[in-house]
Amino acid sequence: MSRVKPEAIWQHDKVLPYILTTLKDKIDDITAVEKIFLFGSRGRVPFDKWDTLEGKDWDVLVQAKCKLKNAHTLLDKDYYLDLLVLDEETIQKHYYNNKLTMIFPGNELDDFITKTQ
């Protein structure tokens, strides 16, 4: 489990745009991003219950053409993310039974926000 950093940003409206633009672009410079998932607490808890996750970190799993070692060097220091960049075969082998929430392509959070507005 990751340690909590009080100065970190937890709000999905600030973290998700970072994950889906800045971080995705950084990874795309190295290897093509195919999918982005949330796992851990945010992968298991429905979006409408995310208020119960205040203070939890973001576990981000990126499916790319090839896996990247030391992917944490791509992270902005203002966001506290656990980041894995793996290929599809590795994800199928090691994360197949985990609850994953895909946020790219086809952002499930956008669908939820649209339904609740």
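Some observations on this one:
- Residue under evaluation Thr22, criteria (1) in contact with a strand residue (DSSP E or B) (Cβ under 9 Å, 6 or more places away or on another chain); (2) touching a residue at least 12 places away in the same chain (Cβ under 8 Å), criterion not met: (1)
- Pick from segment 49-86, criterion within 15 Å of Lys26 (Cβ to Cβ) and of a type in the set (Asp, Glu), ranking: modelled with the highest pLDDT: Asp76
- Residue match in segment 50-71 (condition: open to solvent by 50 Å² or more (accessible area, probe 1.4 Å), part of a strand (DSSP E or B) and among the hydrophobic types (A, V, I, L, M, F, W, C)): no
- Enumeration of residues in segment 69-98 that are β-branched (Val, Ile, Thr) and closer than 17 Å to Leu16 by Cα: Val85
The values are calculated or read from the model by the stated rules, or taken from the named source; none is laboratory data. Predicted, not measured: the structure shown is a model, and the values here were computed from it. With ideal geometry, Cβ positions are generated from the backbone for all residues, glycine too; neighbour counts draw on all protein chains shown. Keep in mind that these areas ignore ligands, DNA and RNA; they rest on the heavy atoms of the full protein, side chains included. Shrake-Rupley method; radii C 1.70, N 1.55, O 1.52, S 1.80 Å.
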